[in-house]
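**Q** First the structure, which I've put down as structure tokens, then a few questions once you've had a look.
The values are calculated or read from the model by the stated rules, or taken from the named source; none is laboratory data. Since this is a predicted model, take the numbers as computed values, not measurements. Glycine also receives a Cβ, built like all others from the backbone with ideal geometry; neighbour counts cover every protein chain displayed.
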């Protein structure tokens, strides 16, 4: 009896493992014939008494250049924040709120219009807006 249970568990685990190689990919995963998905990392933090949206590791850059399907990861540092996107097709939402230190990861939609897309980030702690290239921008190529 113990052998049957062990065999069944091993069989099920191997089946799940192998299905990952043969089954369809999950949404957002790289698919054959598609460009690889890139994740862009931005932080929202206070720099010299000014709240800014900047690239992780490069405080001089805030615009993010993306392709449809790419992801953007924003991490607020020091305050809860609210996002407002002018075009819902850009990331599938017009507004989002994120707690301090928690990431917000959104994919650029397949219907996103190519071009420059300004968005706003409201800083709850100081009741002000973060700046980037004033305002921060997503550029879809």
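**Q** Among (1) on the phi > 0 side of the Ramachandran plot; (2) surrounded by 13 or more Cβ atoms within 10 Å (Cβ to Cβ); (3) at pLDDT 95 or above, there is one condition residue 80 misses while meeting the rest; what is its number?
**A** (1)
**Q** Anything in segment 100-118 that is within 15 Å of the chain's Cα centre (by Cα) and closer than 16 Å to residue 45 by Cα? List them, or say none.
**A** 101, 102, 103, 104
**Q** Same structure again: Please go through segment 68-91 and pick out each residue that is part of a strand (DSSP E or B), under 14 Å from residue 120 (Cα atoms) and out of contact with any helix residue (DSSP H, G or I) (no Cβ under 8 Å at 6 or more places or on another chain).
**A** 74, 76, 81, 82, 83, 84
**Q** Another question, then. Among the residues of segment 106-117, write down those that are assigned to a strand (DSSP E or B) and surrounded by 15 or more Cβ atoms within 10 Å (Cβ to Cβ).
**A** Once the filter is applied, which keeps residues that are assigned to a strand (DSSP E or B) and surrounded by 15 or more Cβ atoms within 10 Å (Cβ to Cβ), segment 106-117 yields 106, 107, 117.
**Q** Let me ask another. From 65, 43, 53, grab the single residue that is in a strand (DSSP E or B), within 18 Å of the chain's Cα centre (by Cα), loosely packed, with under 15 Cβ neighbours inside 10 Å and modelled with pLDDT of 95 or more.
**A** Only one candidate qualifies: 65.
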